[in-house]
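The values are calculated or read from the model by the stated rules, or taken from the named source; none is laboratory data. All figures in this text were calculated on a predicted structure; none of them were measured in a lab. With ideal geometry, Cβ positions are generated from the backbone for all residues, glycine too; neighbour counts draw on all protein chains shown.
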Amino acid sequence: MDVITECFSEHYWSHTWQGDLAHTGARQGRFFGAFELVEMLSDDLIAENDLVVHRSTQRFRHVGEALGVAPTGRVVTVEHVEAWRVTDGKIVEHWGGLGAGAQLHRALTVEAKPEQA
């Protein structure tokens, strides 16, 4: 918890999760607890003025309930972009996150097509 106190403002707000730090942490914990990292394909962190943006492409195995879908064991590729605003060295606002939620849901629920011969 010391890292959280060190990095996040007590006034933190996530526009994506519509909540404060405790609310955001609980939601993200449930969501990302459903996926096991298989491979990091790309990872960029860009900072300018008071904004920090993280963009990544990762491969995850679906190991827990997510988006209303029971664990499938499928390996899926996730595109992730989010931004934070920093004031006095602490994160005060958050936007973004899983930008391809509909794609992820389809990857978890649509039957894979057989290989074309």
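The table that follows gives values for the structure above.
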| read-out | value |
| --- | --- |
| Residue ID - modelled with the lowest pLDDT, chosen from residues in segment 54-76 that are part of a strand (DSSP E or B), touching a Phe, Trp or Tyr at 6+ places or on another chain (Cβ under 8 Å) and of a type in the set (Val, Ile, Thr) | Val76 |
| Subset of segment 77-112 (residues that are of a type in the set (Gly, Ala, Ser), buried (at least 17 other Cβ atoms within 10 Å of the Cβ) and in a strand (DSSP E or B)) | Ala83, Gly97 |
| Output for segment 44-53, where each listed residue is part of a strand (DSSP E or B) and not aliphatic (A, V, I, L, M) | Asp44, Glu48 |
| Test: Ser42 is closer than 18 Å to Gln28 by Cα and either without any contact (Cβ under 8 Å) to a residue 12 or more places away in the chain or in contact with a strand residue (DSSP E or B) (Cβ under 6 Å, 6 or more places away or on another chain) (or both) | no |
| Given (1) hydrophobic (A, V, I, L, M, F, W, C); (2) touching a Pro at 6+ places or on another chain (Cβ under 8 Å); (3) surrounded by fewer than 16 Cβ atoms within 10 Å (Cβ to Cβ), index of the condition Leu45 fails | (2) |
